[in-house]
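Step one of this worksheet: look at the structure below.
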Amino acid sequence: MQSSFRLNRRAFLQAALAATAAAGTGVACSRNQTPWRFFRLDEARCLAAICDQIVPQDQDAGASWAGVVNFIDRQLCGPYESLKTTYRQGLAGVDESSRAVYGNVFADLDSFQEIDLLQKLEQGKASGDVWKQISSSEFFGHLVDHTMQGYYGDPRHGGNREGVSWKMLGLPYPPIRGRIRIDHPEDWRR
């Protein structure tokens, strides 16, 4: 006797949702009990403060509101995976230097102190044992590059929330090559 298994749409959707929820717990790079895939809370907080100095909030949103930390976090579990150790050591080094110079973690410094410390990183003059293992200026270069990519890139990669940087620049959602034909550059802005 052949048994047939019939699954209605509602039962299928419930099973699919349950499977998706169960699989979602394995999406993270590590199981670190934070909302982040890679970062610990203190690292994400430090990175958000750094990114907000690179792209600060003015009349437009700053880097952390635009989701730059989320972008970097996602990319470290994908294309930037080779930089995981650099970010782990670098963010620890930023806080180590911050404690040595100002007696507090980077995210708790005032804006002038944050800028001063970032200038030392950029110049390769940051204090701390971590900077004997990795270059502070090279790490600072990664921070600037990845902040800009997260702020100005396509929102589908985890940054540029709601296309905030494109709105700031007065750009429409950028056309995908091959989908829109632009005969005259002035037509693109319409």
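Please enumerate the residues belonging to the stretch 114-129 that are surrounded by fewer than 20 Cβ atoms within 10 Å (Cβ to Cβ) and in contact (Cβ under 8 Å) with a residue 40 or more places away in the chain.
The one that is surrounded by fewer than 20 Cβ atoms within 10 Å (Cβ to Cβ) and in contact (Cβ under 8 Å) with a residue 40 or more places away in the chain: 115.
Among the numbered criteria (1) modelled with pLDDT of 85 or more; (2) open to solvent by 40 Å² or more (accessible area, probe 1.4 Å), which single criterion is violated by residue 172?
Here residue 172 meets the rest and fails (1).
If we scan the stretch 87-104, do we find a residue that is under 16 Å from residue 148 (Cα atoms) and surrounded by fewer than 16 Cβ atoms within 10 Å (Cβ to Cβ)?
No, the stretch 87-104 has no match at all.
Got a sec? Which of 114, 122 is within 18 Å of residue 62 (Cβ to Cβ), of a type in the set (D, E, K, R) and either at pLDDT below 95 or assigned to a helix (DSSP H, G or I) (or both)?
114
Condition first: among the charged types (D, E, K, R) and over 16 Å from residue 88 (Cα atoms). Can you find one or more residues in the stretch 128-144 that meet it?
Within the stretch 128-144, none of the residues are among the charged types (D, E, K, R) and over 16 Å from residue 88 (Cα atoms).
Among the residues of the stretch 141-154, write down those that are without any contact (Cβ under 8 Å) to a residue 40 or more places away in the chain and under 13 Å from residue 66 (Cα atoms).
152, 154
Given the options 150, 78, 159, name the one that is assigned to a loop (DSSP other than H, G, I, E, B) and buried (at least 22 other Cβ atoms within 10 Å of the Cβ).
159
The values are calculated or read from the model by the stated rules, or taken from the named source; none is laboratory data. Given the structure is predicted, the values throughout are model-derived calculations rather than measurements. When we count neighbours, we look across all protein chains shown, and the Cβ atoms used for this are built from the backbone with ideal geometry, even at glycine. Ligands, DNA and RNA are excluded from the accessible area calculation, which covers all protein heavy atoms including side chains. Shrake-Rupley method; radii C 1.70, N 1.55, O 1.52, S 1.80 Å.
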